[in-house]
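Okay, structure first, notes after.
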Amino acid sequence: PPALRLVALGQPDDLPAGELASDIVDRHERALRQALPTASARFDERTAAGWFQGKLSFPVVAPGFADPDVRLLGGGLTDVRGQDAAYLGYDVGGRRMSVIVLPAGTAQLEGTPVAIGDRTVQVLSRGWATAVVLERNGLVYALVSGAGDVSPEHLLRLAGRIE
């Protein structure tokens, strides 16, 4: 996995918490309160794009993390700051992680920059949750999890694996 050249996360409340972070964390909290779709052989990283086709104005590519401990549970439609978005729920070794997918250019990234290998991601926080946001292949991916779930460092490692 790519080396982290900068990990200065501090406490979650020390990180910038703008409107994007608030909306992303709200979507994660909402997903935790509601039951996620049940895992299905017809909804995985390979078939998710077909499920979202025609429901969103942009193609959704569900990240595959090449890690047997990371499993896509399901997904659905959501919005972030008024922009249609895809929601994907993952199990990461028994812990919960949400991935919000938006088209590039629709959200102003407003976090602390962290270099992972050859890419820079933004780390955002609000309250108990942290999000790692990156732009890749015309899409913005926001990986978000709360305290006691996937750690910020693990979110960074997973973000480094998105191609």
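The values are calculated or read from the model by the stated rules, or taken from the named source; none is laboratory data. Please read these numbers as outputs of a predicted model, since none were measured by experiment. A quick note on method: Cβ atoms are made from the backbone with ideal geometry, for glycine too, and the neighbour counts reach across all protein chains shown. With ligands, DNA and RNA removed, areas are computed over all heavy atoms of the protein, side chains included. Shrake-Rupley method; radii C 1.70, N 1.55, O 1.52, S 1.80 Å.
The accessible area of Arg81, taken with all protein chains in place and a 1.4 Å probe, comes to roughly 120 Å². Computed from the C-beta positions of Thr106 and Arg71, the FRET efficiency with R₀ = 45 Å rounds to 0.95. Protection proxy ranking for 135-146, 54-65, 152-163, using the average of other Cβ atoms within 10 Å per residue and placing the highest first: 135-146, 152-163, 54-65. Here the simple spin-label model places points 7 Å from the Cα toward Cβ, and for Leu56 and Ala147 these points are separated by 3.0 nm.
Net length available on complete extension from Asn137 to Ala49 is 30.2 nm, with 0.36 nm assigned per residue and the Cα-Cα distance removed. For Arg71, neighbours were defined as the other residues whose beta-carbon sits under 13 Å from its Cβ, and their charges (Lys and Arg +1, Asp and Glu -1) total -3.
Our estimate of slack between Arg81 and Thr120, defined as 0.36 nm per intervening residue step minus the Cα-Cα distance, is 11.8 nm.
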